Amino acid sequence: MVKDNIKAEIRNLNFFYGTNHVLKNINLSIIEKKVTSLIGPSGCGKTTFLRCFNRMHDLYPHNRYEGEIILLPENINIISNQIDPIEVRMRISMVFQKPNPFPKTIFENVAYGMRVRGVNKKNVLSEIVEKSLKGAALWDEVKDRIDKPAFDLSGGQQQRLCIARALATNPEILLFDEPTSALDPIATSKIEELIVELKNNVTIIIVTHNMQQAARVSEYTAFMYLGEIIEYGKTERIFTTPSEKLTEDYITGRFG
Amino acid sequence: MEDIKKRIKYNKSWNYFFLIIGLLSTFVGLFLLAVLFIDLIMDGHSRLTYKFLTSFPSRFPEKAGILSAWVGSFLVLLVTALSAIPIGVAAGIYLEEYAKKNWLTDIIEINIANLAGVPSIVYGLLALGLFVYFFKFGESILTGGLTLALLILPMVIMATRESIRAIPNSIREASYALGATKWQTVQWHIFPYSLGGILTGIIIGLSRAIGETAPIITVGALTFIAFLPSSPITSAFPFISFEWLFDPFTVMPIQMFNWVSRPQKEFQINAAAAGIILMLMTLIMNGIAIHIRYKFRKKIKW
């Protein structure tokens, strides 16, 4: 049994959209090479929280972070002004809610992250593309049409392509923002299997609306409500013996 | 049941109504253009010879040609395209992707939209003061080309912005999430994906520029020119010359106007023939641009 290492430590995180106080005093530890799921009703701030990890909020005006997200082992605060958001995004990848491949070939989609990093040699890229597509369990389905447009793929395949694209850059943390909400049940179960597989190599944080999904894929679960973390712990415990009334009401479907 | 059928019938009647209106509207445009073109051909076809294209204007209508006019139009348009396209596209990309959204960019946006509606003669006056008197470019091809560039710049900027706006934000986020800089996102995604729309704007702009007369007359294009600008390729080192930029010129619409204002019937025929050539020039230009756009759009599949 390997000891659980902490990959990221969130301390007193507050987040504001203009004057709107969205995340309130969040404290949490993200365990390395495990899946942590964020659950909670719509508008509770789970996606906002997730997008703090790769500084997506920096793309839009009037957003403000307070507090710290400490990335270990370097012990750097990735939301501080001194840290370049691009540096953060190079280390922490993201898969979005709706599959958003680029209108380019399958190959170019996966290779893009490496091109951004200045890798242009065809044989190096080919190797990485193959490895990433295998990692995203898509290789066998697309190996014969790697130079065909990504939009020819089905929705589920497109989402796995996006996962391959995020994997290609070898991230330390992989963020999933409701990755299956636009997919059918079969595609969903494929993605879930994939997530379980991926955690052997990468720390995963997943936002999900689907509580069964959280129970199936994650070791740790944080329940959020109105911008606060109400309860955090081992997934099994949260779903069987929640200590907070609010958590229990949510997971038993009394609201949300 | 009867009620529903009645309702469907009623709803469909409006559907057919618009179908007919739409069809008629389409044909009005096509029909008028066809009539115009046929009329021009009937008037001018007798003068459409190779010699007409290779002769200078003359006071004898049967000897007169449009050599200096089409060469002038071509060169002026070249200057226009080379200056308006890079500046317009760069400005559009800057405003859409880089500039912060605040009251200042709002004012700039409104003003660019207004500039597109400024009468072309006003641009002519501005260019006369700026290019001819201030920069001392003279009554030259350079002045003419830059004047028309000013005229179509707002169109290029607006077309660029509109087609950039059509790109879903999820594409930008996908690119940034992989650690791309703004420029990398523009270079690999924003620019290639919006190129189709940008080209449409450029086509419209250049097609308007090629037919403009007023601002070109204002900056001092001549109406009668019996020589060509100096050649861009020379026999002596460095073999390339930009002297042609500073030569006097005329353009197709001015040549046409000059002929139309003559009393002799034969010159009217010349004007019609020049009109056909001008329309063909526009059509060829549009054809090339549509072809390029098609090739680009084929590569990008949403």
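The values are calculated or read from the model by the stated rules, or taken from the named source; none is laboratory data. Just so it is clear, the structure is predicted and the values come from calculations on it, not from any experiment. We place every Cβ from the backbone using ideal geometry, glycine too, and count neighbours over all the protein chains shown.
Quick notes on this structure:
- In region B:124-159, of all residues being assigned to a helix (DSSP H, G or I) and of a type in the set (Gly, Ala, Ser), the one that is surrounded by the most Cβ atoms within 10 Å (Cβ to Cβ) corresponds to B:144.
- Within region A:59-115, being crowded, with 20+ Cβ neighbours inside 10 Å and among the acidic types (Asp, Glu) holds for one residue alone: A:108.
- Where a residue in region A:98-117 is more than 8 Å from chain B (Cβ to nearest Cβ) and in contact (Cβ under 8 Å) with a residue 60 or more places away in the chain and its partner, wherever it lies, is part of a loop (DSSP other than H, G, I, E, B) and of a type outside the set (D, E, K, R), with Cβ under 7 Å and at least six apart: A:99/A:182
This table checks each residue for (1) small (Gly, Ala, Ser); (2) surrounded by 14 or more Cβ atoms within 10 Å (Cβ to Cβ); (3) farther than 26 Å from residue A:101 by Cβ; (4) modelled with pLDDT of 90 or more.
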site	(1), (2), (3), (4)
A:182	yes, yes, no, no
A:211	no, yes, yes, no
A:233	yes, yes, yes, yes
A:256	yes, yes, yes, no
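- If the condition is being away from chain A (no Cβ under 14 Å) and among the aliphatic types (A, V, I, L, M), then region B:185-214 contributes B:198, B:199, B:202, B:203, B:204, B:206, B:209, B:210, B:214.
- Filtered residue count, region A:207-237, keeping only those that are in contact with a helix residue (DSSP H, G or I) (Cβ under 7 Å, 6 or more places away or on another chain) and not polar (S, T, N, Q): 13
- Looking only at region B:161-184, and only at residues there that are touching a residue at least 12 places away in the same chain (Cβ under 8 Å), facing chain A (nearest Cβ under 9 Å) and within 16 Å of residue A:55 (Cβ to Cβ), the one that is surrounded by the fewest Cβ atoms within 10 Å (Cβ to Cβ): B:172
- Look at (1) part of a loop (DSSP other than H, G, I, E, B); (2) farther than 19 Å from residue B:268 by Cα; (3) of a type outside the set (Val, Ile, Thr) and you find that residue B:75 fails only one, number (1).
- Unique residue being over 25 Å from residue A:110 (Cβ atoms), modelled with pLDDT of 90 or more, basic (Lys, Arg) and in the same structural domain as residue B:78 (by TED's automatic domain parsing) when the list is B:161, B:172: B:161
- Answer residue from region A:153-180, given it is within 25 Å of residue A:42 (Cα to Cα) and small (Gly, Ala, Ser) and is surrounded by the fewest Cβ atoms within 10 Å (Cβ to Cβ) among those: A:155
- Within the option set A:195, A:204, being in a strand (DSSP E or B), more than 14 Å from chain B (Cβ to nearest Cβ) and either buried (at least 16 other Cβ atoms within 10 Å of the Cβ) or at negative phi (or both) holds for one residue only, A:204.
- Residue, farthest from residue B:120 (Cα to Cα), within region B:202-230, restricted to residues that are buried (at least 16 other Cβ atoms within 10 Å of the Cβ) and without any contact (Cβ under 8 Å) to a residue 60 or more places away in the chain: B:204
- In the set B:116, B:99, only one residue is over 16 Å from residue B:215 (Cα atoms) and either under 26 Å from the mean Cα position of the chain (by Cα) or free of Cβ contacts under 8 Å to residues at least 40 places away in the same chain (or both); that residue is B:99.
- Candidates are the residues of region A:141-188 that are over 20 Å from the mean Cα position of the chain (by Cα) and aliphatic (A, V, I, L, M); the one that is nearest to the other protein chains (Cβ to nearest Cβ) is A:150.
- Where residue B:39 falls short, out of the listed (1) over 22 Å from the mean Cα position of the chain (by Cα); (2) assigned by TED's automatic domain parsing to the domain that holds residue B:153; (3) exposed (fewer than 14 other Cβ atoms within 10 Å of the Cβ): (2)
- Scanning region A:7-47 for residues that are of a type in the set (S, T, N, Q) and within 14 Å of another protein chain (Cβ to nearest Cβ) turns up just one, A:47.
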